[in-house]
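See below for the structure under consideration.
The values are calculated or read from the model by the stated rules, or taken from the named source; none is laboratory data. Given the structure is predicted, the values throughout are model-derived calculations rather than measurements. Cβ sites come from the backbone with ideal geometry, for glycine too, and all protein chains shown count toward neighbours.
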Amino acid sequence: MGTVIRKFSFKGEVIIKLDTDEPEVYKNLDAVFLELHNNLVPFFIERSSFQKNDQLRVKFEDISDDAAADTILKAAVYLPLSALPKLTGNKFYYHEVIGFSVVDRLKGTIGLIRAINENAAQPLFEITKDGKELLIPIIDEFIEKVDRKNKTIYVDTPEGLIDMFD
């Protein structure tokens, strides 16, 4: 969902930079998970309000001073899967498409999405086919259709992209 980027007040309030196209969906949350020491820890929200389009000012129940706020700075913020808004059409959550088949307009079935690589300049589908790994940038213009029922993503990649992995 985002990251705790800074403290807002000496009373333990923090600012969360949201990583979303629809920040308004996250305005009335009751709780979130913060990643602390490689564990997801639940935190209950006392109150929240928007600072800017993509920043949420939050007061957590058990964070009441500057020192406590320091302990959660730079923590990644997650929602329970049940709290995620349902996406339709060609929008998807990365975790949702793991295991989906990828079919290219010209090349046919490419393989299965094994993972999403978010560490590159552009997020990439990591696709496995016949023991080989293929990387396809996750770009709206490449994605023609997301078929959730059949767990398939149809793409139209630039000529030569898939051939690079043969």
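Can you tell me which residues in the range 108-139 are more than 15 Å from VAL97 (Cα to Cα) and part of a loop (DSSP other than H, G, I, E, B)?
Within the range 108-139, the subset more than 15 Å from VAL97 (Cα to Cα) is 108-109, 119-122, 129-134.
Matches in the range 108-139: ASN119, ALA120, ALA121, GLN122, ASP130, GLY131.
Just to be sure I understand, how many residues within the range 21-45 are loosely packed, with under 15 Cβ neighbours inside 10 Å and in a loop (DSSP other than H, G, I, E, B)?
Of the residues in that region, 7 qualify.
Taking the range 65-96 on its own, how many of its residues are under 12 Å from the mean Cα position of the chain (by Cα) and not in a loop (DSSP other than H, G, I, E, B)?
7
If you take the residues in the range 140-150 that are assigned to a loop (DSSP other than H, G, I, E, B) and out of contact with any strand residue (DSSP E or B) (no Cβ under 6 Å at 6 or more places or on another chain), which one is nearest to GLY2 (Cα to Cα)? Even if it seems obvious, please write down each step before you answer.
The initial filter retains those residues of the range 140-150 that are assigned to a loop (DSSP other than H, G, I, E, B), namely 140-142, 148-150.
Add one more test, that the residue is out of contact with any strand residue (DSSP E or B) (no Cβ under 6 Å at 6 or more places or on another chain), and what stays is 140-141, 148-150.
Values: ASP140: 21, GLU141: 25, ARG148: 25, LYS149: 29, ASN150: 30 Å.
Within the range 140-150, the match that is nearest to GLY2 (Cα to Cα) is ASP140.
If you scan the range 83-117, which residues turn out to be hydroxyl-bearing (Ser, Thr, Tyr), loosely packed, with under 15 Cβ neighbours inside 10 Å and modelled with pLDDT of 90 or more? Outline the logic, then answer.
Filtering the range 83-117 for residues hydroxyl-bearing (Ser, Thr, Tyr) gives 88, 93-94, 101, 109.
Going one step further and asking which of them are loosely packed, with under 15 Cβ neighbours inside 10 Å, we end up with 88, 93-94, 109.
If the condition is that a residue be hydroxyl-bearing (Ser, Thr, Tyr), loosely packed, with under 15 Cβ neighbours inside 10 Å and modelled with pLDDT of 90 or more, then THR109 is the only one that fits.
Can you name every residue in the range 1-15 that is of a type in the set (Ser, Thr, Tyr) and in contact (Cβ under 8 Å) with a residue 24 or more places away in the chain?
In the first step, residues of the range 1-15 are kept if they are of a type in the set (Ser, Thr, Tyr); the result is 3, 9.
Matches in the range 1-15: THR3 only.
Which pairs have Cβ atoms under 6 Å, sit 6 or more apart or on different chains, and link a residue in the range 86-108 that is among the basic types (Lys, Arg) to one that is modelled with pLDDT of 85 or more?
From residues that are among the basic types (Lys, Arg), the pairs are ARG105/ASP156.
Where the second residue is modelled with pLDDT under 85 and the first is over 22 Å from SER64 (Cβ atoms) and lies in the range 16-43, which pairs have Cβ atoms under 6 Å and are six or more apart or on separate chains?
As it stands, the answer is VAL25/PRO85, since those pairs meet every condition given.
If a residue must be touching a residue at least 24 places away in the same chain (Cβ under 8 Å) and assigned to a loop (DSSP other than H, G, I, E, B), how many such residues does the range 46-64 contain?
Initially, the range 46-64 is screened for residues touching a residue at least 24 places away in the same chain (Cβ under 8 Å), giving 50-51, 53-60, 63-64.
Within this subset, residues satisfying the condition of being assigned to a loop (DSSP other than H, G, I, E, B) are 53-54, 63-64.
Total meeting the criteria: 4.
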